[in-house]
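Right, one structure below, let's go through it.
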Amino acid sequence: MHDLNLSDGVVVLTPLSLDDVDAHLAGEDELLVRWLSGEPATRAGTEAYFRHCMEQWATRGPLRALGIRTAAERTLVGYIDLRFDVEGLEPGQANISYVLYPAWRGQGLVSRAVRLICRYAAAEGATQGVIRVDPENYASAAVARRSGFSYDKQLLEEDGNRTDWYLLSLPDESGLPSI
């Protein structure tokens, strides 16, 4: 297991593990299903996905999934992932997606997590962060804007869904918005 531990003193990002499955399943709600998977998660599916995430860390694969935790209690409040191999991305771009459980929404935690993952992405060689959002997911688009991303374009993805693309240049850690 990778021992990465990113924190700003309020939020901590650590790699997901099988110990997070119950908290994730308990945190799922209709918005998470709507914007993430389209159907409720199962224990078997969640465990398989988290094992995949752990394997990606172990092999330094193109997916880096991190639990978003409160710094004080280390409570899992959601997760964020960084993907270096999304179809349609240009070299140097990294896709960022995020989920926050209902009890923790509206507190700025995801914006903090996005800033932290951007620092990590830059350290891994990414030059631009990309957040792709369903045009009707206003909360997710607001997170992108609060995190310093700018609207770029709307695309019709291969799956037939439209997404708004938000971009942030990641020249180095010193060029990122402060928290």
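Pairs are defined by a Cβ separation below 6 Å, a sequence spacing of at least 6 or placement on different chains, a first member in the stretch 137-164 that is closer than 16 Å to Leu100 by Cα, and a second member that is open to solvent by 60 Å² or more (accessible area, probe 1.4 Å); the pairs so defined are Asn137/Trp35. Of the residues making up the stretch 85-103, at least one is in a helix (DSSP H, G or I) and modelled with pLDDT under 95.
Within the stretch 33-42, is there a residue that is crowded, with 16+ Cβ neighbours inside 10 Å, touching a Phe, Trp or Tyr at 6+ places or on another chain (Cβ under 9 Å) and farther than 19 Å from Ala94 by Cα? Give the derivation first.
Of the stretch 33-42, the ones crowded, with 16+ Cβ neighbours inside 10 Å are 35, 41.
Filter once more, so that each one left must be touching a Phe, Trp or Tyr at 6+ places or on another chain (Cβ under 9 Å): 41.
Now restrict to residues that are farther than 19 Å from Ala94 by Cα: 41.
Yes: one or more hits.
In the stretch 110-154, the qualifying residues are those that are among the hydroxyl-bearing types (Ser, Thr, Tyr) and surrounded by 15 or more Cβ atoms within 10 Å (Cβ to Cβ), and the one that is nearest to Val10 (Cα to Cα) is Ser111.
Conditions (1) over 13 Å from the mean Cα position of the chain (by Cα); (2) closer than 18 Å to Val33 by Cα, marked per residue:
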{"position": "Ala94", "(1), (2)": "no, no"}
{"position": "Leu100", "(1), (2)": "no, yes"}
{"position": "Gly148", "(1), (2)": "yes, no"}
{"position": "Glu158", "(1), (2)": "yes, no"}
{"position": "Leu167", "(1), (2)": "yes, no"}
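Within the stretch 98-107, being surrounded by 15 or more Cβ atoms within 10 Å (Cβ to Cβ), of a type outside the set (A, V, I, L, M, F, W, C) and touching a residue at least 60 places away in the same chain (Cβ under 8 Å) holds for one residue alone: Tyr101.
Answer with yes or no whether Glu73 is out of contact with any helix residue (DSSP H, G or I) (no Cβ under 8 Å at 6 or more places or on another chain), among the acidic types (Asp, Glu) and modelled with pLDDT of 95 or more. No; evaluated as a whole, the condition is false for this residue.
Could you tell me how many of the residues in the stretch 1-51 are acidic (Asp, Glu) and either under 21 Å from Leu116 (Cα atoms) or in contact (Cβ under 8 Å) with a residue 60 or more places away in the chain (or both)? Give the steps one after another, and end with the answer.
Looking only at the stretch 1-51, we keep the residues that are acidic (Asp, Glu), and these are 3, 8, 19-20, 22, 28-30, 39, 47.
Filter once more, keeping what is either under 21 Å from Leu116 (Cα atoms) or in contact (Cβ under 8 Å) with a residue 60 or more places away in the chain (or both): 3, 8, 20, 28-29.
Number satisfying all stated conditions: 5.
Taken together, Thr46, Thr59 contain a single residue that is surrounded by 14 or more Cβ atoms within 10 Å (Cβ to Cβ), closer than 20 Å to Arg83 by Cβ and of a type outside the set (A, V, I, L, M), which is Thr46. Among the conditions (1) touching a Cys at 6+ places or on another chain (Cβ under 8 Å); (2) modelled with pLDDT under 95, the only one that Gly129 does not satisfy is (2).
The values are calculated or read from the model by the stated rules, or taken from the named source; none is laboratory data. Source: prediction; values computed, not measured. Glycine gets a Cβ as well: all are built from the backbone with ideal geometry, and neighbour counts include every protein chain shown. To get the accessible areas, we keep the full protein, side chains included, count just its heavy atoms, and leave off ligands, DNA and RNA. Shrake-Rupley method; radii C 1.70, N 1.55, O 1.52, S 1.80 Å.
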